[in-house]
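K.L.:
One structure, as structure tokens, below. Some questions next.
The values are calculated or read from the model by the stated rules, or taken from the named source; none is laboratory data. None of the values given here were measured: they were computed from a predicted structure. Positions of Cβ are backbone-derived with ideal geometry, glycine not excepted, and every protein chain shown enters the neighbour counts.
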Amino acid sequence: MKSDRHSAVRTLSGAQLLVGIGLVLLSVALVLVNGMAYAFAVVAVTMVGYAVVMTFKSLVTLDAVRHGPVRVSRLELRQLERELPSYTVMVPLYKEAAVVDSLLASLSQLDYPRHRLQILLLCEGDDDATLQALREANLGRPFEIVVIEPSLPRTKPKVCNIGLERATGQYLVVYDAEDRPQPDQLKKAVVAFRKMRRRVVCLQARLQYRNPNTNLLTRFFASEYGTFYDMLLPSLARRGLPVPLGGTSNHFRTAALRTLGGWDPFNVTEDLDLGMCIARSRWRVEILDSITWEEANSRVGNWVRQRSRWLKGYMQTYLVHMRSPVNLWRELGTGNFLAFQVLVGGTPLMTLLNPVLWALTLAYGLTGSPLIRELFPAPVFYVGITSMVVGNFAFLYCLVTGAMVLGHHRNAKWMLLAPLYWLLMSCAAWKAALQLVVRPHYWEKTAHGLVEEGSPEPLGARRGWDPRVVRGGAGETGELAYPGAGPAVTAGRGRR
Amino acid sequence: MRAPDQVYLDTAPFNLTLVPPSHSNRMQRLLARDPGLAVSLGISVVLSITSFVYFYRLDMILGYGDTEARLLITDAVLHGRHPGLAQLGGVWLPFPQVYMLPFTWNDFLLHSGIGGALPSMASYVLACGALYKLVSLLTKDQFAGVISVVAFSNPNLLYLQSTPMSELPFIAAFVCAVYFVAKWMAAGRLHALFLAGVAAAVATLTRYEGWALLGLLTLVVVYACWRGGLDYAAAEGHLVFFGMIAFLGVGTWLIWNRVIFGDMTYFLTSAYGTKAVNATQLLGVPAPYRGAGNLQLSAELVGWTALSNIGWIAAGLAVLGAFRLAVARRLHSALVLALLLAPIPFSIVMVYTGGEVITDPPLTPGVDPANVRYGLLVLPAAAFLVGLIAGVRWLRWPALGASVASFALLFASGQVNFDEAVAIRHSQNYELTTTAGEWLQSHYDGGLVLAGKPSHEDLLFHSRVGHGSVVYPGDRDEWRDDLRDPAREVSWIVMTDGQPPDEVWVALHGTNELRDRYELVYANRLVQIYHLGAT
């Protein structure tokens, strides 16, 4: 269990509150003394910060086109011994009666010896509908229904901590109700854990959406996921930088998870927080080349609620870990400390500032205001315009690349409309900032089952090139990453 | 069994295990895996440095007038009265000048030409590396790649790589783009397609031939998608992925012209644009020798300059290579060749429409050679074909021998590009402007200098008056104001009575303003220099 010092039970520590008040008072004083100079300083710092965040994220993301997650070959899977280590699967459920059947079907397909598997279905005691659906399924081993007495905070990490106390597996994974992991994911995790050093205490599976083409929102969302799980995270993991975990399909060495104290029950992005705790312990996260299919939010309201929770969690996590910046720096090291600032602090800050800067740009374009021009002298202007043009282009390109990496080729052109998506993100960010003040621990529940469940596009159905060709030896061509992908183009073979 | 000094990076899909510490550097690892690349780069570095020293000692690295003009642009960007990227202008594509910026901050590096030559030399080495990779990819033969680099390292190219010109950066970007597209076609890797886009964008920002290359590259990407059996959505996705990067250069340039000069086609239509400059140049060419409007002559001029640049032996080898390609029916290599030949049809069209002026004494007797160096743009294609020949084992050594013989013959008979530069150096106008510039250097006592384009580049370069003391058309409002009333701030006025006279001559020569306030302190048949001081 985490101590209050490392928990989001309080949004701000006493010291942070004092520093915050001090900054506000200082700002007021500076505005009174020389408002323009103060405004210029704020703009200059913002532009430089923007440039740093954009450069870091773009470069790290795009560099991942050459890299990828941890692969486990079919041969390695076949060579697994019959007596496998025990594995606990935890699935927190709350108001998920609609997806219980498909969830249970998916979990039943997990390719793992039943006698070595423990599946904990963690259900709140007042969620009668979900409990009823579970009981009607007449579940036997390895399923266990864990009924949790309603208590504050009403969050997923609280429930997961209770499940952790009951977990018996050597390894542990958390899935969400709408998740559909690939059946061999647990075995792949076992192989991957074994061939890596013990410092690797967590494997994050790749999350992909099974409904990328439902509407424009899901197209953006799916590409964003591709950019995040197939590019950014592998690149961060490869460099040993802190990895922001996704909230599901995290595989752990159970003992390490217990040493870390489990999840922070008051943090609404407990996964991100745990990823940072892993980094602070000088442990590592790697990305596992196995897919868990999820449902992309297809409704704007639902999406905003979900995204605002994520961004609120980023803010919470940043404030919690920055309670003692010196300790954080000591534990992470300089490089990881800076990466933390960019990834955890920079992400919500950019989404908050974007509308302000867009409004300034628009206002200047329409009015040519000398006041705005004064705020952007030549060096600041150049940095700002470069960030805006180059940075936004780079982020757009990351989304296009994300779509290509996933094989969602038809979505590539839609990413050119991404500024609309960013606008939506900014709305969610401001909602998150407000909620951080008034309801910091409120968990915005995401509705699932909005899209009819169907099979995700199987990987082997892609025709032609697979964009992620694996180099098998010294030559340029080699084993293709996935079965069923077509051969590379060579002249003279004609159309298939 | 894992070696004790290996780490666990075999988790990566590419099975990158670290080699022992003696090869811990990534470049070292790359070269250890590909000794042919090491040899090619070694040859190119040695030739690059040797050639530079040779031509530097002949005082010819600033032979072309354009070299000084390009260096002056970098001086204006860094040290001008209104320094900044806007001084890059809107006619010449900016990348060669931007590439020179890190090396021309220093007066010696600028005026000796070394600062401008260094990027050119680096581009040559990069082009050799890319050409090697391209040939070895398609022939699966490292030695063939090395031989293609030998064929590529032609004396005309080696002279040009020693000068601050745009051809070598363009050739490097051009060959890189073709290599990465070929790699993508072979292996389907998105990373290669991305890099092809980057190289294409750089090429489009270096020379206008890059725009033709871009068009062809796009067609090849589309064709390769169709040929590879991709459905429409996949082809569209690949095109978006490639095009977003590749067309960035063209888009940026058009927007730049619009933002800085108010006209997206400023580079074409302005008084200093390619049309106007070439029209002026054409006036000096007798009508029967003008390629403009004469398709046959345009093709002959382009063909002849290509042949005179690469030499007869290399041309013969290239023909053999093309024959082999046709017989073997290797479509992949044919597509690559088509890309490498893109500059040829572009040049023919440009000469025919008056967008380029090429004159070469064998075809245009009595006229000084001009832009003969453009023929070098066919060299990558010729070297590629030599590489294909060398991919046949029993032809390997003959191809190498012939390439070396070609080099020796071209060197002994004189490089056409070098001859062009010598002709420029010995032209009357050049001698007159540089003499005037040297006079100004020895008599300059401070104050602003008003000087027009285009002749001012040679003169100002040799005067060593920094751009911080020059008022020139790039200063726009001040330039216009000083043409009307120079005495308000200008101490020196330089004007040239060329064909046609420059703007300063037109605005001020013979005026009362000039007569009353300025004293003629220097004059030759072309240049007059005035100094502030009432007569």
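K.L.:
Could you tell me whether any residue of region B:200-207 is crowded, with 24+ Cβ neighbours inside 10 Å, modelled with pLDDT under 95 and closer than 25 Å to B:Val91 by Cβ?
P.N.:
Yes, because at least one residue in region B:200-207 is crowded, with 24+ Cβ neighbours inside 10 Å, modelled with pLDDT under 95 and closer than 25 Å to B:Val91 by Cβ.
K.L.:
Where the second residue is aliphatic (A, V, I, L, M) and surrounded by fewer than 21 Cβ atoms within 10 Å (Cβ to Cβ) and the first is within 14 Å of chain B (Cβ to nearest Cβ) and lies in region A:287-314, which pairs have Cβ atoms under 6 Å and are six or more apart or on separate chains?
P.N.:
none
K.L.:
Right, another one. Within region A:211-254, take every residue that is among the basic types (Lys, Arg) and out of contact with any Pro (no Cβ under 7 Å at 6 or more places or on another chain) and give me the one that is farthest from A:Met404 (Cα to Cα).
P.N.:
A:Arg253
K.L.:
Could you tell me which of the residues B:Leu72, B:Leu47, B:Leu41 is over 15 Å from the mean Cα position of the chain (by Cα) and under 19 Å from B:Gly468 (Cβ atoms)?
P.N.:
B:Leu72
K.L.:
Scanning region B:136-185 for residues that are among the polar types (S, T, N, Q) and closer than 18 Å to B:Thr67 by Cα, which turns out surrounded by the most Cβ atoms within 10 Å (Cβ to Cβ)?
P.N.:
Here the residue is B:Gln161.
K.L.:
Can you pull out every residue in region B:176-202 that is out of contact with any Ser or Thr (no Cβ under 9 Å at 6 or more places or on another chain), closer than 19 Å to A:Cys398 by Cα and facing another protein chain (nearest Cβ under 7 Å)?
P.N.:
B:Arg189, B:His191
K.L.:
I'm trying to understand the selection: among the residues of region A:372-431, which are charged (D, E, K, R), under 30 Å from A:Tyr38 (Cβ atoms) and at pLDDT 90 or above?
P.N.:
A:Lys431
K.L.:
Got at least one residue in region B:183-190 being assigned to a loop (DSSP other than H, G, I, E, B) and touching a Lys or Arg at 6+ places or on another chain (Cβ under 8 Å)?
P.N.:
Here is the first cut: in region B:183-190, the residues assigned to a loop (DSSP other than H, G, I, E, B) are B:188-189.
Then keep just the ones that are touching a Lys or Arg at 6+ places or on another chain (Cβ under 8 Å); that gives B:189.
Yes, there is a match, as at least one residue in region B:183-190 is assigned to a loop (DSSP other than H, G, I, E, B) and touching a Lys or Arg at 6+ places or on another chain (Cβ under 8 Å).
K.L.:
For region A:135-148, indicate whether the set of residues that are over 29 Å from A:Ala192 (Cβ atoms), acidic (Asp, Glu) and surrounded by 18 or more Cβ atoms within 10 Å (Cβ to Cβ) is non-empty.
P.N.:
No, region A:135-148 has no match at all.
K.L.:
For region B:316-325: of the residues being of a type in the set (A, V, I, L, M, F, W, C) and away from chain A (no Cβ under 13 Å), which is farthest from B:Arg227 (Cα to Cα)?
P.N.:
Applying the first criterion (of a type in the set (A, V, I, L, M, F, W, C)) to region B:316-325 yields B:317-320, B:322-323, B:325.
Add one more test, that the residue is away from chain A (no Cβ under 13 Å), and what stays is B:317-320, B:322-323.
Numbers: B:Leu317: 30, B:Ala318: 27, B:Val319: 27, B:Leu320: 27, B:Ala322: 22, B:Phe323: 24 Å.
This residue is B:Leu317.
K.L.:
Pairs, please: C-beta under 6 Å, at least 6 apart or cross-chain, first residue in a strand (DSSP E or B) and in region A:66-94, second among the basic types (Lys, Arg) and surrounded by 15 or more Cβ atoms within 10 Å (Cβ to Cβ)?
P.N.:
Within 6 Å, the pairs are A:Pro92/A:Lys156.
K.L.:
Which residues, taken from region A:334-372, are exposed (fewer than 15 other Cβ atoms within 10 Å of the Cβ) and farther than 29 Å from A:Cys427 by Cβ?
P.N.:
Residues satisfying the conditions are A:Thr334, A:Gly335, A:Pro370.
K.L.:
Taking A:Leu75 and the conditions (1) touching a Leu at 6+ places or on another chain (Cβ under 7 Å); (2) at pLDDT 85 or above; (3) within 14 Å of another protein chain (Cβ to nearest Cβ), which numbered condition does it fall short on, given that it satisfies the others?
P.N.:
(1)
K.L.:
Within region A:171-189, restricting attention to residues that are of a type in the set (A, V, I, L, M) and touching a helix residue (DSSP H, G or I) at 6+ places or on another chain (Cβ under 9 Å), which residue is nearest to the other protein chains (Cβ to nearest Cβ)?
P.N.:
Within region A:171-189, the match that is nearest to the other protein chains (Cβ to nearest Cβ) is A:Val173.
Conditions tested, residue by residue: (1) within 21 Å of A:Val320 (Cβ to Cβ); (2) of a type in the set (S, T, N, Q); (3) surrounded by 15 or more Cβ atoms within 10 Å (Cβ to Cβ).
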{"residue": "A:Gly14", "(1), (2), (3)": "yes, no, no"}
{"residue": "A:Ile21", "(1), (2), (3)": "yes, no, no"}
{"residue": "A:Ala29", "(1), (2), (3)": "no, no, no"}
{"residue": "A:Leu32", "(1), (2), (3)": "no, no, no"}
{"residue": "A:Gly35", "(1), (2), (3)": "no, no, no"}
{"residue": "A:Ala44", "(1), (2), (3)": "no, no, yes"}
{"residue": "A:Val52", "(1), (2), (3)": "no, no, yes"}
{"residue": "A:Lys57", "(1), (2), (3)": "no, no, yes"}
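K.L.:
If you check B:Val386, B:Val351, B:Val357, which single one turns out to be out of contact with any His (no Cβ under 6 Å at 6 or more places or on another chain), of a type in the set (Val, Ile, Thr) and under 26 Å from B:Leu134 (Cβ atoms)?
P.N.:
The match here is B:Val386.
K.L.:
Also, quick follow-up: Of all residues in region A:373-430 being touching a His at 6+ places or on another chain (Cβ under 9 Å) and under 22 Å from A:Gln306 (Cα atoms), which is farthest from the other protein chains (Cβ to nearest Cβ)?
P.N.:
Going through the qualifying residues, I end up with A:Gly402.
K.L.:
Of (1) within 14 Å of chain B (Cβ to nearest Cβ); (2) touching a Pro at 6+ places or on another chain (Cβ under 8 Å); (3) not charged (D, E, K, R), A:Thr11 satisfies all except one. Which?
P.N.:
For A:Thr11, the exception is condition (1).
K.L.:
Now a separate question. Residues of region B:165-182 being assigned to a helix (DSSP H, G or I) and of a type outside the set (A, V, I, L, M), which ones?
P.N.:
Here is the first cut: in region B:165-182, the residues assigned to a helix (DSSP H, G or I) are B:167-182.
Result: B:Glu167, B:Pro169, B:Phe170, B:Phe174, B:Cys176, B:Tyr179, B:Phe180.
K.L.:
Would you confirm whether any residue within region B:250-271 is closer than 30 Å to A:His408 by Cα, touching a residue at least 12 places away in the same chain (Cβ under 8 Å) and not aromatic (Phe, Trp, Tyr)?
P.N.:
yes
K.L.:
Which residue, of B:Val319, B:Val277, is assigned to a helix (DSSP H, G or I), over 21 Å from the mean Cα position of the chain (by Cα) and surrounded by fewer than 19 Cβ atoms within 10 Å (Cβ to Cβ)?
P.N.:
The unique qualifying residue is B:Val319.
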